[in-house]
Amino acid sequence: MVVQPMNLMYSFFIGVFVLLVVICIALRFKGNESLKFSNASLITTDFKAFQTNYLMVYYIVMAADWLQGPYVYALYKDYGFEKEDIAILFIGGFLSSMVFGTVVGSLADKYGRKLLCVGFGIFYSISCLTKLKNNFGILLLGRILSGIATSLLFSSFDSWMIAEHNSKGFAPELLSHTFSLATFGNAVVAIAAGIVASIVADTFGYVAPFMVSLVLLIVATLIVQSSWKENYGNSSIDVKDTFWNAVNDMRKDVKIPLLGFIQSLFEAAMYTFVFMWTPALEAGIDREVPLPFGVIFACFMVSIMIGSSFFSFLLNQGKSLQQIASTLLWVAMFSLLVPVLTTNVYLTTASFLVFEICCGLYFPCMGTLKAKYIPEQTRAAIMNFFRVPLNFFVVVVLVKVGDLSNSIVFVMCCAWLLIGIFLLSIFNAKVAKDQPPIIAVDRLPVTTH
């Protein structure tokens, strides 16, 4: 009697996956067609070579990251650790990212973004090696190193790419193209990495995905070391001054901290969602009927790809970054309100897919906004500052998640997004105030050329 509903559930999610793939292909085709008539003429051979090199490294390091995700908890459990010990290990990683994040950004601006990208590869590689030893202290050290590596992954790579893009004189609007491809490709890589991780884990054990990840990290680090040029924020001042310059930049331009807090709030909701989607879906089904988690994860990743493709489409339709950001925050908030109101697995699934589409829109949109408004000299330091409140929010949820119902956790996520919407409205008002007045077209002098 269990087989039939399980088949129905599996068939449902397979059908959803196929539908999402069709939508994704259609949107990507439409976006590419629009590109031919918009900024395609700006894509030179040099830009394509630069973009390909960066994206190749980005995809490899993200694949290394995705390979580890599904089996961190499983490995710790296989080593015999209790749930409370595993929670401490996870919290150690988030606290590490929160504490060291404020420092590594300044180090990148002072000593070079390429150097810190290489440092990311080294720290994360050592973290992978710690997984070979069933020892709590060594595993905790690995989580601390992975926390530092995470701060570097989500600041130094973007900072290097933006600085190099600008130094080579490429058109600013092409940054959104690179960010869109990065988000789209990251989702593809996540699906592939999940499949590979599952195969090697089933064949060689739970530590195997970490060893595959180690190989990819070494490859990426060698490519960065051999093919990337170094770039800096301001290498003539010490790290302490870089830190305080970043603080002063945020004090002088309120748009910077506004962007930073919007990032912290959205990503806190996103990382909380990563912990909560499984229990939220399980709440709406018979516990004896297992959900096809691999297929659901693939659906989420294709939804992110749809969001990335939709971002390119919206830009080509003339929508501003602020308009896109405002819409995605509102939609994301309402999508996470659904599991507060119902446990129906189909409605909840639909809302989660919408939220993942918003994530696909968010990353290229926020990446382009940060590239536009965060100063070059202190970019890495500022980008890391706002991983502090992000990690704080996630740690609070991790510590209290056992005492909170699913509904309460999702209400918290909705509240964070609502605050983000409020901050974005202030940001948009500041942008409008800082822009020079537009001269009416009918008052422009008539010219013959």
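Which of P339, P375, P364 moves the most in a Gaussian network model of the chain with Cα springs under 10 Å?
Among P339, P375, P364, the largest GNM mean-square fluctuation belongs to P375.
Tell me, what is the percent relative contact order of the chain, built from C-alpha pairs under 8 Å that lie six or more residues apart? If you can, show how the numbers build up before the last one.
Numbers: 593 pairs, mean separation 124.1, N = 449.
This gives 28 percent for the chain.
Let me spell out the model: positive unit charges on the Cβ of Lys and Arg, negative unit charges on the Cβ of Asp and Glu, origin at the Cα centre of the chain. What dipole size does that give, in debye rounded to 20?
On the way: 28 positive and 26 negative charges, 166 e Å.
Taking the Cα centre of the chain as origin, the dipole is about 800 debye.
Using r as the Cβ-Cβ distance of T342 and K77, and R0 as 25 Å, what FRET efficiency do you calculate, to the nearest 0.05?
Values: r = 31 Å, r/R0 = 1.24.
Result of the calculation: an efficiency of 0.20.
Roughly how many Å is it from the Cα centre of the stretch 278-341 to that of the stretch 91-143, as a whole number?
Between the Cα centres of the stretch 278-341 and the stretch 91-143 lies a distance of 30 Å.
Quick one: check the C-alpha center-to-center distance for the stretch 398-428 versus the stretch 178-214, whole angstrom.
When both Cα centres are located, 29 Å separates them.
Multiply the residue separation of S167 and A350 by 0.36 nm, subtract the distance between their alpha-carbon atoms, and state the gained length in nm to one decimal. Walk me through the intermediate numbers first.
Values: separation 183, 0.36 × 183 = 65.88 nm, distance 4.31 nm.
Going from the current span to full extension adds 61.6 nm.
Using the Kyte-Doolittle scale, which helices in the chain average at least 0.5 and also have C-alpha atoms spread 30 Å or more along the helix axis, with helices defined as whole DSSP H runs?
Details: long enough: 3-35 (47 Å, 1.37); 45-68 (35 Å, 0.32); 83-111 (40 Å, 0.93); 174-204 (43 Å, 1.52); 255-282 (41 Å, 0.94); 293-316 (35 Å, 1.95); 321-341 (31 Å, 1.73); 345-373 (41 Å, 1.00); 406-434 (42 Å, 1.56).
In the chain, the long hydrophobic H runs are 3-35, 83-111, 174-204, 255-282, 293-316, 321-341, 345-373, 406-434.
Find the percent of Cα-Cα distances in the chain that exceed 29 Å, and round it to a whole number.
Details: 48844 of 100576 pairs.
Roughly 49 percent, once rounded to a whole number.
Run lengths n ≥ 4 of DSSP H only: what is the helix-derived mean residue ellipticity at 222 nm for the chain, with -39500 (n - 2.57) per run over all residues, to the nearest 500?
Values: 17 runs with 358 residues, N = 449.
That calculation yields -27500 deg cm²/dmol at 222 nm.
For the chain, set up a Gaussian network in which alpha carbons nearer than 10 Å are linked by springs, and say which option among G307, G119, G294 fluctuates the most.
Looking only at G307, G119, G294, the largest GNM fluctuation is found for G294.
Counting Lys and Arg as +1 and Asp and Glu as -1, what is the net charge of the other residues whose Cβ lies under 14 Å from the Cβ of L145? All intermediate terms of the calculation are to be shown ahead of the outcome.
On the way: positive: K131, K133, R143; negative: D65.
Net of charged neighbours comes to +2.
Between F334 and V399, what is the label-to-label distance in nm when each label sits 7 Å out along the Cα-to-Cβ direction?
In this crude label model, F334 to V399 measures out at 3.5 nm.
Using the 10 angstrom Cβ neighbour count as an exposure proxy, how do R387, R28, R251, R143 rank, fewest first?
By the 10 Å Cβ count, ascending: R251, R28, R143, R387.
Using Cα springs under 10 Å in a Gaussian network model of the chain, which residue among V118, V295, V388 shows the largest mean-square fluctuation?
Comparing V118, V295, V388 in the GNM, the peak value goes to V295.
Label 7 Å along Cα→Cβ of V254; the stretch 393-432 residues with amide nitrogen under 15 Å?
Those under the cut-off are 422-432.
In what order do I23, I60 fall by count of nearby beta-carbon atoms within 10 Å, going from fewest to most?
Details: I23 17, I60 21.
The fewest-first ordering by Cβ neighbours comes to I23, I60.
Give me the net charge of T368's neighbourhood, meaning all other residues with Cβ under 13 Å from the Cβ of T368; Lys, Arg count +1, Asp, Glu -1.
Values: positive: K319, K370, K372; negative: D158, E173.
Net local charge, T368 excluded: +1.
Tell me, Y373, Y124, Y54 in order of fewest to most beta-carbon neighbours within 10 Å?
Details: Y373 16, Y124 27, Y54 22.
In increasing order of surrounding Cβ atoms, one gets Y373, Y54, Y124.
Which stretch or stretches of the stretch 54-71 have amide N atoms under 19 Å from the point lying 7 Å from S227's Cα along the Cα→Cβ direction?
Those under the cut-off are 54-65.
Counting Lys and Arg as +1 and Asp and Glu as -1, what is the net charge of the other residues whose Cβ lies under 12 Å from the Cβ of N428? If you can, show how the numbers build up before the last one.
Working: positive: K255, K430, K433; negative: D434.
Overall, the nearby charge balance is +2.
Any read-out appearing in this document is the output of simple, stated calculations on the displayed coordinates, not a laboratory observation. Computed from a predicted structure; not experimentally measured. Counting neighbours? That spans all protein chains shown, and the Cβs are built from the backbone with ideal geometry, glycine included.
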